[in-house]
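Undergrad: Quick one: the structure is below, questions incoming.
The values are calculated or read from the model by the stated rules, or taken from the named source; none is laboratory data. For clarity, every value in this text was computed on a predicted model and none was experimentally measured. Heads up: the accessible areas ignore ligands, DNA and RNA and are worked out on the full protein's heavy atoms, side chains in. Shrake-Rupley method; radii C 1.70, N 1.55, O 1.52, S 1.80 Å.
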Amino acid sequence: IQELLRVMRTIDDRIVHELNTTIPTASFVGKIDAGQTCKELYQSLMDAHTSRERIIKNCIAQTSSVVKTLREEREKAQDDIALLKQLRKEQTKLKLMQSELNVEEVVNDRSWKVLS
């Protein structure tokens, strides 16, 4: 998921470049509709943020479900070391995904400030 998010965040990583190529210089003002181009960039950014947030939240929900199931199984089989290891692994995965929501917030804020 982290690799997927990295690829999906390229629009945010390149926002300054996108703005520099979107907003026309004085010689191109009549040839390009800057308002429409900015609206399209805004919509692309909104779509990217929405889809990333949806993906992260879906992964969190799925992993939370797995963790809950493993906890219930762990209650029944206290001596199962393999089950404990799997539970710890899934809990770590869940924490990483939850931290991605914080990263997403920072990335989004930065992009909106640049766009503004």
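Undergrad: Where does the chain land at 222 nm, in deg cm²/dmol rounded to the nearest 500, when only DSSP H runs of n ≥ 4 count, each adding -39500 (n - 2.57), divided by all residues? Walk me through the numbers on the way to the answer.
TA: Values: 5 runs with 97 residues, N = 116.
About -28500 deg cm²/dmol.
Undergrad: What percent of all Cα-Cα pairs in the chain falls into each 5 Å bin, going from 0 up to the bin containing the maximum distance?
TA: Cα pair-distance distribution for the chain, in percent: 2, 10, 17, 15, 12, 10, 9, 7, 6, 4, 3, 2, 1, 1, 0.
Undergrad: Compute the normalised compactness of the range 52-116: alpha-carbon radius of gyration over 2.2 N^0.38 Å, N being the residue count. Don't skip to the end; give the middle numbers.
TA: Details: Rg = 16.2 Å, N = 65, 2.2 N^0.38 = 10.7 Å.
Rounded to two decimals, the normalised Rg is 1.51.
Undergrad: How high is the relative contact order of the chain? Use alpha-carbon pairs under 8 Å, at least six apart in sequence, and give a whole percent.
TA: Details: 54 pairs, mean separation 38.1, N = 116.
Relative contact order here is 33 percent.
Undergrad: A further question on this structure: Using a 1.4 angstrom probe with every protein chain in place, what is the largest-first accessible-area order of Ile55, Ile15, Ile1?
TA: On the way: Ile55 40, Ile15 0, Ile1 75 Å².
Reading off the accessible areas and sorting them downward yields Ile1, Ile55, Ile15.
Undergrad: Continuing with this model, one more query. Rank His17, His49 by accessible area, highest first, at a 1.4 Å probe radius?
TA: Details: His17 90, His49 10 Å².
Sorted by accessible area, descending: His17, His49.
Undergrad: As a test of reading the structure, rank Met8, Met97, Met46 by solvent-accessible area (1.4 Å probe, protein chains only), most first. Provide the component values of the computation, followed by the final result.
TA: Working: Met8 50, Met97 15, Met46 75 Å².
So the residues, ranked largest to smallest area, are Met46, Met8, Met97.
Undergrad: Could I ask something else about it? Rounded to the nearest whole Å², what accessible area per residue is found for the chain with the 1.4 Å probe? Write down the numbers at each step before the final one.
TA: Values: 8010 Å² over 116 residues.
Spelled out: the 1.4 Å probe surface of the chain, per residue, equals 69 Å².
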